[in-house]
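Working notes, beginning with the structure itself.
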Amino acid sequence: MKCYFDHVATNPLHPDVLEAMMPYFKEEYGNPLSLYELGGKARDAVEKAREATAKLIKAKPSTIVFTSSGAESNNFALRGLALARQANGKHIMVSKVEHHSILNSARFLEKSGFVVTYLPVDKYGIVGPEVVKSSITKETTVISIIHASSEIGTIEPLKEIVTIAKEHNILFHTDAVATTGNIPIDVNELNIDALSMSAHQFYGPKGAGALYIREGVRIVPLIYGGIQENGRRAGTENVPAIVGMGKAAEIAIRDMEKRMNHTQRLRDKVIDAFTKIPHIYLTGHPEKRLHNHASFVVEFIEGEAMLLLLAMKGIYTASGSACSSKALKSSPILLSIGTPTALAQGSIVFSLGEGNSDEEIDYLLEEFPKVVVKLREMSPFAKGWEK
Amino acid sequence: MKFVSNVKADVTADVVYMMCPMHLLKLDEMIKKIDKGQILEILTDYDGALEDIPGWCEKTGNQFIGLDEDEDYYKFYVKKTVNSQKQ
């Protein structure tokens, strides 16, 4: 049996998405800027995708800028907004549980003369409004806080922080790569200025992302060149991928509730079973978390070893973020929520998708405890623990 | 170059940080949307607009009123003096 439980890393392409994309790899290969019919068809396809993508977050189509990925959207947002506002101040704030594309963009800005506050989080990974409030200075221009962490699943209560930001005329961006297309989002209700998303997180293709930018908000481009994307992001549009993103957005709107109910039921089975195993702890918030996300730290053993043994049984999962899977170091996110270093080594994340079945979950529930026992038997750290 | 201040515009188009030639595309788009006699304000940080926008006015016959400078961008004022198909 092959079981894929790593949907925060990526998702399989929905068959209808592939079908929608195919003509734009073949006969409809035009450049959207070309004036003849072939270009017009590509242009119409991109605009149709923009409408669908905007609808996913209840935004106007004109506020969507297509990019190549969630990481590009995050780079574009943080750097572009900070640079556009630098005449007003050079202080920005990001949380300690951000994705590398935000943290490294913040470090780039730091080296370029900006001051960055890395906001601490509580034991669930939540950024407290009081911390935000007390960290604001007269120079603060941008706050960026992730909507939900792909490592610990916690969904941040953004609204209160956005209200504080607005009171101080500070722009607010959120990295919503893990949430867009997976849970309902209304950018106007959240009152945010910018939001990053990525198509392959909701069964669309890789190579397509987008940045929502509220009407009237200025942003310095990340990629200079022509007038694609209303003069905000240069480069000939990746038409097939954008079309795929639009189709995936349409399907996400249609199937979201069904997907959420299905994966949440399976997730709860995993959480209920695994938290009964001694010395295993759920990470992230027990309720305010992604409906498809079950993350744990397992005492006395290493995440990598669990992954390898599970993979040998056809179970594919992750230890920490996809980006840090090769880094062989403790997850900064787990450390930031107060996990001791040794325990953080035993991180494991199961993220579920619409294709997962009860049979697959039952297989996981049967095999995972055996893997834990086997590794603990070999572990020098388990000495003293009752095997 | 004619510098002006306190011009009251009827419509504003903000293309600050948008890449060239968005200032001309937006100018063309917006001028079609306003009435003859109305004033359009274009905000841009693009230095090339200093030549492009007066040149566009000369070519199309619309009146270039002048420009004003903000901290890090220009404000160009164009009065629609030629009838064009309204969009």
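The values are calculated or read from the model by the stated rules, or taken from the named source; none is laboratory data. Please read all numbers here as calculations on a predicted model, not as lab measurements. Neighbour counts are summed over all protein chains in view; Cβ atoms, including those assigned to glycine, are modelled from backbone coordinates with ideal geometry.
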Within segment B:12-28, the residues that are more than 14 Å from B:ASN83 (Cα to Cα) and surrounded by fewer than 15 Cβ atoms within 10 Å (Cβ to Cβ) are B:THR12
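Does segment B:48-87 hold any residues that are acidic (Asp, Glu) and at pLDDT 95 or above, and which are they?
Once the filter is applied, which keeps residues that are acidic (Asp, Glu) and at pLDDT 95 or above, segment B:48-87 yields B:GLU51, B:ASP52, B:GLU58, B:ASP68.
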Of the listed residues (A:GLY244, A:GLY314), the one being farther than 28 Å from A:ILE126 by Cβ, more than 14 Å from every other protein chain (Cβ to nearest Cβ) and in contact with a Lys or Arg (Cβ under 8 Å, 6 or more places away or on another chain) is A:GLY314
Is it true that A:GLY209 is away from chain B (no Cβ under 14 Å) and at positive phi? no
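Just one of A:THR283, A:THR275, A:THR317 is without any contact (Cβ under 8 Å) to a residue 24 or more places away in the chain and polar (S, T, N, Q); which is it? Outline the logic, then answer.
Numbers: A:THR283 fails: without any contact (Cβ under 8 Å) to a residue 24 or more places away in the chain; A:THR317 fails: without any contact (Cβ under 8 Å) to a residue 24 or more places away in the chain.
Within the list A:THR283, A:THR275, A:THR317, the selection yields A:THR275.
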message = Criterion first (in a helix (DSSP H, G or I) and under 22 Å from the mean Cα position of the chain (by Cα)) does A:ILE219 satisfy it?
response = no
Item to complete: Kindly check whether there is at least one residue in segment A:218-240 that is buried (at least 21 other Cβ atoms within 10 Å of the Cβ), away from chain B (no Cβ under 11 Å) and of a type in the set (Val, Ile, Thr).
Response: yes
Going through segment A:241-284 in order, the residues found to be surrounded by fewer than 22 Cβ atoms within 10 Å (Cβ to Cβ), outside any helix (DSSP H, G or I) and of a type outside the set (Phe, Trp, Tyr) are A:THR275, A:LYS276, A:ILE277, A:PRO278, A:HIS279, A:ILE280, A:LEU282
Pairs returned, first residue in segment A:357-379 that is over 13 Å from A:PHE274 (Cβ atoms), second residue that is acidic (Asp, Glu), beta-carbon separation under 9 angstrom, 6 or more apart or interchain, are A:LEU375/A:GLU302; A:ARG376/A:GLU299; A:SER379/A:GLU302
Listed by first then second residue, the pairs whose first member lies in segment B:26-49 and is farther than 20 Å from A:ILE219 by Cβ, whose partner is assigned to a helix (DSSP H, G or I), with beta carbons under 7 Å and at least 6 positions apart or on separate chains, are B:LEU27/B:ILE53; B:LEU27/B:TRP56; B:LEU40/B:MET30; B:LEU40/B:ILE31
When segment A:179-188 is checked residue by residue, the ones that are assigned to a loop (DSSP other than H, G, I, E, B) and surrounded by 23 or more Cβ atoms within 10 Å (Cβ to Cβ) are A:THR179, A:GLY181, A:ASN182
Residue hits (segment A:148-178; closer than 18 Å to A:PHE202 by Cα, of a type outside the set (Ser, Thr, Tyr) and crowded, with 24+ Cβ neighbours inside 10 Å) are A:ALA148, A:GLU151, A:GLY153, A:ASP175, A:ALA176, A:VAL177, A:ALA178
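Does A:GLU110 satisfy being surrounded by 20 or more Cβ atoms within 10 Å (Cβ to Cβ) and among the acidic types (Asp, Glu)? First the steps, then the outcome.
On the way: surrounded by 20 or more Cβ atoms within 10 Å (Cβ to Cβ): no; among the acidic types (Asp, Glu): yes.
Taking the combined requirement at face value, the residue does not satisfy it.
For segment B:14-22, indicate whether the set of residues that are away from chain A (no Cβ under 14 Å) and either among the aromatic types (Phe, Trp, Tyr) or out of contact with any Asp or Glu (no Cβ under 8 Å at 6 or more places or on another chain) (or both) is non-empty.
Taking segment B:14-22 first, the residues away from chain A (no Cβ under 14 Å) are none.
Within segment B:14-22, none of the residues are away from chain A (no Cβ under 14 Å) and either among the aromatic types (Phe, Trp, Tyr) or out of contact with any Asp or Glu (no Cβ under 8 Å at 6 or more places or on another chain) (or both).
Go through segment B:36-61 and count every residue that is farther than 12 Å from B:VAL78 by Cα and charged (D, E, K, R). Working first, answer last.
Taking segment B:36-61 and keeping what is farther than 12 Å from B:VAL78 by Cα, we get B:44-52, B:59.
So of that shortlist, the ones also charged (D, E, K, R) come out as B:45, B:47, B:51-52, B:59.
Summing the residues that are farther than 12 Å from B:VAL78 by Cα and charged (D, E, K, R) in segment B:36-61 gives 5.
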For segment B:42-67, the count of residues that are buried (at least 17 other Cβ atoms within 10 Å of the Cβ), more than 14 Å from every other protein chain (Cβ to nearest Cβ), in a strand (DSSP E or B) and not hydrophobic (A, V, I, L, M, F, W, C) equals 0
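Just need a number here: residues in segment B:31-41 that are hydrophobic (A, V, I, L, M, F, W, C) and surrounded by fewer than 20 Cβ atoms within 10 Å (Cβ to Cβ). Break it down stepwise before answering.
Let us first name the residues in segment B:31-41 that are hydrophobic (A, V, I, L, M, F, W, C), namely B:31, B:34, B:39-40.
Applying the additional criterion that residues be surrounded by fewer than 20 Cβ atoms within 10 Å (Cβ to Cβ) yields B:34, B:39.
Residues in segment B:31-41 being hydrophobic (A, V, I, L, M, F, W, C) and surrounded by fewer than 20 Cβ atoms within 10 Å (Cβ to Cβ): 2 in total.
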